[in-house]
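The values are calculated or read from the model by the stated rules, or taken from the named source; none is laboratory data. As the structure is a computational prediction, the values presented were derived from the model and not from experiment. Ideal geometry is used to build each Cβ from the backbone, glycine not excepted, and the neighbour counts take in all protein chains shown. Protein only, heavy atoms only, side chains kept; ligands, DNA and RNA dropped before computing areas. Shrake-Rupley method; radii C 1.70, N 1.55, O 1.52, S 1.80 Å.
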Amino acid sequence: YELYAGLSYKIISGKIWYSPDFANAGESAWYGELNAGIPLPAEFALNLHAGYNFGDYWKPENSDDLYDAFYDYSVGIGRSFGHFDFEVKYIDGSDLKNTDCSRSGVECIDDVLSSESKAFFSVSTTFPWSKADE
């Protein structure tokens, strides 16, 4: 299980996450994040994110610093159209040597576990739609 607590004020929010047994590995882990959604003209938004992973899971014994604590961040532009939210963003952070396909020698399928930077596009919606939302 995971526990989290968060606070938000206007365009800024923050959360802290905790898992006493992260990934069923018997080690605890923490994740802290800060987010901001800055309104732009034409109903667009600049979305900013910064996160940091730390805790026992990220520093296991004899790991040769393969895990080590790491950070991530993203910068994106988003806009809603009707019931749908669209966003394109750039995601990066410190490299996780043990999951980085190009450096670890681990065979990856389409770089799913890669910690390299990426451009990401998403479309999302929430159900059920109500007639009042139209």
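Some points to look at:
- Count - residues of region 80-107 that are at pLDDT 60 or above, more than 19 Å from the chain's Cα centre (by Cα) and either open to solvent by less than 70 Å² (accessible area, probe 1.4 Å) or among the acidic types (D, E) (or both): 3
- Filter result for A45 (out of contact with any Leu (no Cβ under 7 Å at 6 or more places or on another chain), modelled with pLDDT of 75 or more and within 19 Å of F121 (Cα to Cα)): yes
- Check on S130, crowded, with 16+ Cβ neighbours inside 10 Å, farther than 23 Å from G6 by Cα, of a type in the set (G, A, S) and at pLDDT below 90: no
- On the stretch given as region 1-14, residues that are farther than 15 Å from N47 by Cβ and either touching a helix residue (DSSP H, G or I) at 6+ places or on another chain (Cβ under 6 Å) or surrounded by 11 or more Cβ atoms within 10 Å (Cβ to Cβ) (or both) total 3.
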